[in-house]
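The values are calculated or read from the model by the stated rules, or taken from the named source; none is laboratory data. All values reported here derive from a predicted model rather than from experimental measurement. Heads up, the Cβs are rebuilt from the backbone with ideal geometry, glycines too, and the neighbour counts pull from every protein chain shown.
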Amino acid sequence: SPPHPSDLPHEVEKAGQLNKTKIAEGGRKLRKSWGVSWVVLAGNSLVFYKDLKGPAPASWRPASSRPESSVDLRGAVLERARDMSSKKNVIHLRTVTGNEFLLQSDSEAEIQDWHQTIKGVIRRLDQE
Ligand code: I3S
């Protein structure tokens, strides 16, 4: 089962499992490599954790797990990815530093919720 929000760092707006691939680093295209990540939207960042392995990982705590990577959402651009993957329900995130990610869920409702929630953070940061 997913971690309870109270187990996560402060200011968590959303957390869950998504398929993820990084497609560019500093503006340079990368070869796609899809994998499953736990994604946490907290504060001004989207933080990626290694996927949970095995059943009911009661001892697993994001707060004590080292994130694999973290994305600063200030100035980032997020849009639905229409022609960037054969997969359904994909969003495309580009950071100011030219790192690009595709995030995908089997659930259209889930990806819509991620889209709206991350958009909200980006808009808030744009207004600061
Ligand atoms: O955009 P692409 O290059 O068609 O993306 C696919 C490839 O990266 C493929 O890897 P190989 O080229 O190493 O076989 C991946 O397995 C596919 O998942 C990628 O396409 P999708 O449509 O799943 O994003």
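Taking the criterion of being within 15 Å of the ligand (Cβ to nearest atom), surrounded by 14 or more Cβ atoms within 10 Å (Cβ to Cβ) and part of a strand (DSSP E or B), the residues of segment 75-92 that qualify are Val90, Ile91, His92.
What residue, among those in segment 35-64 that are surrounded by 15 or more Cβ atoms within 10 Å (Cβ to Cβ) and farther than 25 Å from Leu125 by Cα, is modelled with the lowest pLDDT? Looking at the filtered set, the residue picked out is Trp60.
Give the residues of segment 99-111 that are within 16 Å of the ligand (Cβ to nearest atom), of a type outside the set (A, V, I, L, M) and under 13 Å from the mean Cα position of the chain (by Cα), sorted by residue number. The answer is Glu100, Phe101, Gln104, Ser105.
The residues of segment 65-74 that are in a loop (DSSP other than H, G, I, E, B) and at pLDDT 90 or above, listed by number, are Leu73, Arg74. When Trp114 is tested against the conditions (1) surrounded by fewer than 15 Cβ atoms within 10 Å (Cβ to Cβ); (2) more than 16 Å from the ligand (Cβ to nearest atom), the lone failure is (1).
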